Amino acid sequence: MIDLQTYRAAFGQPTATPFGVKALILLQMAGVEHRTVYQDDPRKAPKGKLPLIVDDGETVADSTFIRHHLERKYGVDLDAGLSAEARAIPLAFQRLAEESLYWSIVAARWVDQANWPTLRDRIFQPIPKLVRPLIAGHIRKSLLRDMRGHGAGRHTLAEQYQIGVDNLRAISDWLGDKPYMHGPEPTAVDASIGAFVASVVGEPFDTPIRKAARAAPNLAAYADRISQKYYTSYEY
């Protein structure tokens, strides 16, 4: 059995990180037996982040490489039926979500001062309350430094939100009235886009990106469709 190691459930999602939700959906799509093992400290992970899977003693870190592992080892094609040209489009949308929309979500949770205390007390709840602000503050400082190094952290909060709104609009425009990103059946890109859209729709923070996602009927319906199909059976 595969162990999926990821953060604890939070904000209506089975794990606090959309990358963990993506990995969970990929495992469901691949139809392989697995269980979720919640972790609070990613520092022991090979890349210092979660999720990762442990499959028969082999550790695979990062949701993208988890997908490659599942397809290679278990002989599944999560983009079955798509032409080479069609496969290029979901990769572009995956990058849009994971390399751009992601930072808008980080801004909403970690940068926005109105939301930070809620995030801190939810994500770091297992840490004793007396030392929680110190440890959480240290991790926050490190993340914001990474964000600035990436470039996203050099924008104002309003600009970071605007980038997220633009990304969500592009996803909404492409999705249109289709059930999934490429039509009636889900493909691998829905693991990524579904996880990120559901994360924005379901989060408790009153932000421009949440408003934009909820204001687009097809995005809200898509998020619900993904959750109903892939993780309502999980206890969280």
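Side notes on the structure shown:
- Qualifying residue in region 98-116 (condition: of a type in the set (Lys, Arg) and crowded, with 18+ Cβ neighbours inside 10 Å): yes
- Residue check for Arg43: in a helix (DSSP H, G or I) and touching a residue at least 12 places away in the same chain (Cβ under 8 Å): no
- One residue stands out in region 141-157 among those that are small (Gly, Ala, Ser) and surrounded by 11 or more Cβ atoms within 10 Å (Cβ to Cβ): the one that is nearest to Trp110 (Cα to Cα), namely Gly153.
- With respect to the stated conditions, Arg132 is touching a helix residue (DSSP H, G or I) at 6+ places or on another chain (Cβ under 9 Å), farther than 24 Å from Ile209 by Cα and of a type in the set (Lys, Arg).
- Those residues of region 136-178 which are charged (D, E, K, R) and either over 19 Å from the mean Cα position of the chain (by Cα) or modelled with pLDDT under 95 (or both), in sequence order: Arg140, Lys141, Arg145, Asp146, Arg148, Arg154, Glu159, Asp173, Asp177, Lys178
- Only residues that are among the hydrophobic types (A, V, I, L, M, F, W, C), in a helix (DSSP H, G or I) and surrounded by fewer than 11 Cβ atoms within 10 Å (Cβ to Cβ) were counted in region 73-87, giving 1.
- Failed item, numbered, when Leu26 is tested on (1) assigned to a loop (DSSP other than H, G, I, E, B); (2) in contact with a Lys or Arg (Cβ under 8 Å, 6 or more places away or on another chain); (3) at pLDDT 95 or above: (1)
- Per this entry, Thr36 is not counted among residues that are closer than 21 Å to Tyr102 by Cα and either assigned by TED's automatic domain parsing to the domain that holds Leu101 or not small (Gly, Ala, Ser) (or both).
- For the condition assigned to a loop (DSSP other than H, G, I, E, B), in the same structural domain as Tyr7 (by TED's automatic domain parsing), touching a residue at least 40 places away in the same chain (Cβ under 8 Å) and surrounded by 11 or more Cβ atoms within 10 Å (Cβ to Cβ), Leu70 does not qualify.
Residues checked against (1) modelled with pLDDT under 95; (2) over 25 Å from Leu27 (Cβ atoms):
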{"site": "Arg72", "(1), (2)": "no, no"}
{"site": "Pro90", "(1), (2)": "yes, no"}
{"site": "Phe93", "(1), (2)": "no, no"}
{"site": "Ala97", "(1), (2)": "no, no"}
{"site": "Ile105", "(1), (2)": "no, no"}
{"site": "Trp110", "(1), (2)": "no, yes"}
{"site": "Gln113", "(1), (2)": "no, yes"}
{"site": "Arg122", "(1), (2)": "yes, no"}
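- Pick from region 213-232, criterion among the polar types (S, T, N, Q) and either more than 17 Å from the chain's Cα centre (by Cα) or surrounded by 14 or more Cβ atoms within 10 Å (Cβ to Cβ) (or both), ranking: farthest from Leu26 (Cα to Cα): Asn218
- Just one of the numbered conditions (1) within 19 Å of Pro90 (Cα to Cα); (2) touching a helix residue (DSSP H, G or I) at 6+ places or on another chain (Cβ under 7 Å); (3) not aliphatic (A, V, I, L, M) is not true of Asp166: (2).
- Checked against (1) at pLDDT 90 or above; (2) buried (at least 17 other Cβ atoms within 10 Å of the Cβ), Glu33 passes all but condition (2).
- Of all residues in region 55-67, those being part of a strand (DSSP E or B) and farther than 13 Å from Val32 by Cα number 4.
The values are calculated or read from the model by the stated rules, or taken from the named source; none is laboratory data. Everything quoted here is computed from the prediction, not taken from an experiment. Heads up, the Cβs are rebuilt from the backbone with ideal geometry, glycines too, and the neighbour counts pull from every protein chain shown.
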